[in-house]
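Worksheet: one structure, shown below.
The values are calculated or read from the model by the stated rules, or taken from the named source; none is laboratory data. Predicted model, so just to flag it, every value in this text is computed and none were measured. Note that we place each Cβ from the backbone using ideal geometry, even for glycine, and neighbour counts take in every protein chain shown. To get the accessible areas, we keep the full protein, side chains included, count just its heavy atoms, and leave off ligands, DNA and RNA. Shrake-Rupley method; radii C 1.70, N 1.55, O 1.52, S 1.80 Å.
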Amino acid sequence: MKAAPDDQLRLLDLQALDTALDRLAHRRRTLPEIEQIDALDRKVTQLTDDMVLVETEDSDLGREQSKLEADIDLVRSRMQKDQQRLDAGQVSSPRELENLQSEIESLKRRQSDLEDDELEIMEKREAVQSRLQELRDEREQTSTGLAEAEQRRDVSFAEIDADHDKTAQQRAELAATLPDDLLALYEKVRGSSAGVGVAALHRGRCEGCHLQLNTTDLNRLREAPEDEVLRCEECRRILVRTAESGL
Ligand SMILES: [Zn+2]
């Protein structure tokens, strides 16, 4: 293939722009914030799940407490009724009186047991609610961290995208000035050579594969017409001669 030496040199400029675009794309993909956001997002979900469990525990305990309070009310009103009967002097039979007094005693014990149970539940609820508050605080902190990381990511995205647009514009303008066949060869080699389709020959070394060319190859390059498009024998990339090629 033939191409004007100037076009060959400008192909190196095109490569520099493509490499810059590749770097920007890589940077966009590998921003540390992306991993941070993912981890924080998963943590918020986990904390929310934990909160649902603890909230359920709290409402179960709340139901248990209400039931105990209703039971205590029942016992208390039954005791009051018994006490009123006693105080009113309505009970005259000694046996009935004894029964009534013994019922009041047993109601008192029942009340005391129920109140102990309620106290125990209230203590459990206190622990559960303080755990819930801890989870709520931690989730809030995590959400704040998540929002901050998202903001940093978006700032970086905006910078990278602006750089990308500018570089892509320069690349399009430069590519429009190059012959189609040279461009097609470059794209083909670039696609199969880790994104580098063309390299300069610098002091006898291919800048694509960084290998030193042997004397035979160098002699062949030296004798080639200047408009001939050369390829590196080692990596098959397009090899461009410059003032520093050492030929
Ligand atoms: Zn090479």
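What to note about this one:
- Shape analysis of the chain yields a ratio of the Cα radius of gyration to the Kirkwood radius, Rg/Rh, of 1.61.
- Accessible surface, the chain, averaged per residue in Å² (probe 1.4 Å): 63
- To the nearest ten degrees, helix 180-192 and the longest principal axis of the Cα atoms of the chain are 50 degrees apart.
- What a 1.4 Å probe finds exposed on segment 7-49 is 54% carbon and sulfur by accessible area, rounded to a whole percent.
- Nearest-0.05 FRET efficiency for THR215 and ARG23, computed from C-beta distance (R0 41 Å): 0.70
- Solvent accessible area, Å² - HIS26, 1.4 Å probe, full protein context: 100
- Cross-link reach list, lysines versus LYS67, counting only Cα pairs under 21 Å and skipping chain neighbours closer than eight places: LYS108, LYS124
- Per residue, the average separation of C-alpha pairs within less than 8 Å and at least 6 apart gives the chain a relative contact order of 32 percent.
- DSSP beta bridge pairing in the chain, given as percent antiparallel to the nearest 5: 60
- Of GLY208, LEU47, MET122, farthest towards positive along the dipole that unit charges on Lys, Arg, Asp, Glu beta carbons give the chain: GLY208
- Crossing angle, helix 32-87 versus the chain [Cα axis fit, 0-90 degrees, rounded to tens]: 0
- Cα centroid of segment 57-128 to Cα centroid of segment 130-178, whole Å: 63
- The chain, helix-only ellipticity at 222 nm - DSSP H runs n ≥ 4, -39,500 (n - 2.57), divided by all residues, nearest 500: -27500 deg cm²/dmol
- In degrees, nearest ten, helix 5-29 long axis to first principal axis of the chain (Cα): 10
- Under 19 Å from the Cα of LYS188 - lysines, other chains or at least 8 residues apart: LYS2
- Annotation: lysines with alpha-carbon distance below 16 angstrom to LYS166 (same-chain offsets under eight excluded): none found.
- Dimensions of segment 128-247 from C-alpha coordinates, computed as largest minus smallest value along each principal axis and given longest first, are 86, 32, 24 Å.
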